[in-house]
Amino acid sequence: MAIPDFNITPDIGKLKDYSRIRLLLAEQLRIIRHNLRSNGTEKLEQKFEELMVKLAEDRFTLTVLGQFKRGKSSLMNAIIGKDLLPTGVTPVTSAITTLKYGPVEHLVVNRENSKFPEEHPASSLSDFVTEKGNPANIKKVKTACLEIPVPFLRYGIEFVDTPGVGSAILPNTVTAYRFLPESDSVIFVTGVDTPITDSELELLQEIKKYVTRTFFVVNKIDLASPEESREVLDYIAETIRSSIGQVQIKIFPVSTRQGFDAKISGNLLLYEKSGLKDLEEALGSFLSTEKSGTFLAAVTHKAISVLENEVKLPSGFQTTDIVMQNSLAELKNLYLSIIKGRIDEFEINKTRQGKNKVKVPSKTPEKDFLVNKINIEFDLKTRGCPVCNHIIEQIINFLYHWQYEISNDTQAQTEFASGLGFCPLHTWQLLAVSSSHGASVGFISLTEEIARIIKRAIITGEKDLEKVFQNIQNCHVCKLHRKSEKDYIRRLAAFLNIEDGRSKYQGSQGVCLVHLRMLLDSVKERQTLEFLLTHASHFYEEVAEDMRTYSLKVESLRRALKNINEEDAYLRAIIHLAGDRGIATAWPLDKEI
């Protein structure tokens, strides 16, 4: 008869809150990373990158810590129901052993000063993490990760076994202490056979600095009588309370030997008697209801700690002081909301803080992108429309700048959202110059704003939806298009009012019909109007003749005789009839959706 695994039934509402606050936290970490990268602080940037990786993987590190030979590895074997971690009378070497979920049982070893992990059979673990197989860690093992198909590990759990502290192998103690900052929660293991030691109390003091949730396990309870057990458990609980200043201490008395035997044999009575059942139920409850908050609190606390203790605001930065200080304030509000278990409080605090925090100078999207230096004489050498080409250049410059801004700057993201984005055409053109990651980051605020407006419309009525469906007038790219177009037409009209300008225009392809209409409205002299109409009629007659000649040569199998004017005549005709496709159609993406 098999022992049941943790009965974890997640609350969907809590999962949505967890996902929401996890992404808010990721946004702040991304902003901090960007600013650290801008200031050339690679080591600090890497710390925030690691926190983002942890968030992305949704990885919760449950670490087993304690003095050497307290039965840490035996406890882990009992919990997973498999005899995988080596146990014995000699200490393991100074390496971290991690259990994580994987569909196939295998071992991944990372060595010091090596970027490439090695794969080995799971059965070879003792060759890397025991004194017998790897004396004094001569193999330079940094971590050994066992991937195993154990259901309890499916929930993003990394179950970590650390070297015991206080042994004659000093590096073991150092390794255990160094891993503490990576821990999100801890199972602290002591034993009934020896009263809690000074080295264990020192370890508890360090644990308190890094984690908010510790499970206290007293192992080998089967070695003492019931009376002796009660006396020892009371002593250990009181000692821990006095040491760490925690009023409520729950001790889990466990016999890992009995628990493991019960798991293998399916003996439910022995499973309860071993104490493993109570511990696993407590762990199961924690992982299903408290783990998310503890995990997020741990990541947020680590980020705050690095910002306050290592970034050293504000002296370390100049141009990004405001952004970094705002991010630190956001993280502190977020941390308070997490430990209170109320994400809605974070939204309130964020709004309240937004009224008082120093604001980053606002972006001025389209007006800063008008180019004053225009070389009309050079532009007329194009085989397309010079006005269209100028507008396309303006739009390309704007979109490349804007995609960078909304990928890296919250102020730009807010402006993009408040303006409800761009029109459909320019939305697709923006996507054409964006990476998938840049678009994912840049469109978050806009998408959330649309969701808020639609949700609000359920209460206020469909009238609020009009601005969502009619956002073309607000499109910054459309505004840039119109402004640069008018400016260029005005300058071109002035250029044509002089004889030298008309002479140079005479040898060009001229402008498309769309811009010819605007140009005719802009020129004042009758002579210039007649010149433009004469030039246009001649162009369309000539390009039509080129298309006829091209068709004839192709149909008569004389394609080799065509010239460049004939070959691109159809394209020049269409550009001049309808305007350049760069301002009329979306640009191609790297791949189709």
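None of the figures in this text is laboratory data; all of them are computed from the coordinates on show. Everything quoted here is computed from the prediction, not taken from an experiment. All Cβ positions, glycine included, derive from the backbone under ideal geometry; neighbour counts span all protein chains shown.
May I ask you to derive the relative contact order of the range 68-274, considering only C-alpha pairs under 8 Å and at least 6 residues apart, and to give it as an integer percent?
Value for the range 68-274: 20 percent.
Please give, to one decimal in nm, the separation of the simple spin-label points placed at Phe286 and Gln205, each 7 Å out from Cα toward the Cβ.
Distance between the two pseudo-spin positions: 2.3 nm.
Could you check the simple spin-label distance between Leu269 and Lys340, using points 7 Å along Cα→Cβ, in nm with one decimal?
5.2
Take the alpha carbon gyration tensor of the range 39-144, find the square roots of its eigenvalues, order them as a ≥ b ≥ c, and report rounded if a/c is under 1.5; if not, report prolate when a/b exceeds b/c, else oblate.
Prolate.
Under 5 Å between amide H atoms, partner at least 5 residues away or on a different chain: which partners does Gly191 have, H built in plane at 1.01 Å?
Answer set, sorted by chain and number: Asn219.
So for the range 68-274, taking the charge dipole from beta-carbon charges (+1 Lys/Arg, -1 Asp/Glu), which of Ile207, Ser74, Ser242 sits furthest toward the positive end?
The listed residue farthest towards the positive side: Ile207.
Which of rounded, prolate, oblate describes the range 405-530, given a ≥ b ≥ c as roots of the alpha-carbon gyration tensor eigenvalues and a/c under 1.5 marking rounded, otherwise prolate only if a/b is larger than b/c?
Prolate shape, in that a/c is at least 1.5 and a/b is the bigger ratio.
Place the peptides 140-147, 55-62, 234-241 in order of packing, highest mean first, counting for every residue the other Cβ atoms within 10 Å and averaging per peptide.
140-147, 55-62, 234-241
Mind scanning Lys54/Lys115; Lys455/Lys486; Lys250/Lys340; Lys381/Lys483 and naming the pairs with a C-alpha gap bigger than 29 Å?
Lys455/Lys486
Shape call for the range 19-58 from the C-alpha gyration tensor, a ≥ b ≥ c root eigenvalues: rounded (a/c under 1.5), prolate (a/b greater than b/c) or oblate?
oblate
Out of residues 5 or more away from Phe215 or on other chains, whose amide H comes under 5 Å of its own, with H placed 1.01 Å from N in the peptide plane?
Val186, Ile187, Phe188
His437 to Glu499: extension gain in nm, 0.36 nm per residue of separation minus the Cα-Cα distance?
Length difference between fully extended and current span is 17.1 nm.
Expected output is a single nm value to one decimal: the length gained when fully extending between Lys381 and His401, i.e. 0.36 nm times separation in residues minus the C-alpha distance. What is it?
Result for the pair: 4.4 nm of gain on full extension.
Starting from the Cα of Lys69, draw a straight line to each of the aspartates and glutamates and keep only those under 14 Å, dropping any in the same chain fewer than 8 residues away.
Answer for Lys69, where 14 Å is the Cα cut-off: Glu131, Asp161, Asp193, Glu200, listed by chain and number.
Can you compute 3J(HN,Hα) from phi for each residue in the range 181-188, using the Karplus curve 6.51 cos²θ - 1.76 cosθ + 1.60 with θ = phi - 60°, rounded to whole Hz and x for Gly and Pro?
Values, residue by residue: x, 7, 7, 9, 8, 10, 9, 8 Hz.
Calculate, for Ala586 and Arg178, the FRET efficiency according to 1/(1 + (r/R0)^6) with r their C-beta to C-beta distance and R0 41 Å; round to the nearest 0.05.
Efficiency computed from Cβ-Cβ geometry: 0.20.
What are the ³J(HN,Hα) values, in whole Hz, obtained from phi via the Karplus relation 6.51 cos²θ - 1.76 cosθ + 1.60 with θ = phi - 60°, for each residue of the range 209-214 in sequence order, with x given for Gly and Pro?
The phi angles translate into 6, 10, 10, 9, 10, 10 Hz.
Given Cα pairs under 8 Å that are at least 6 residues apart, what percent is the relative contact order of the range 83-203?
Rounded, it is 31 percent for the range 83-203.
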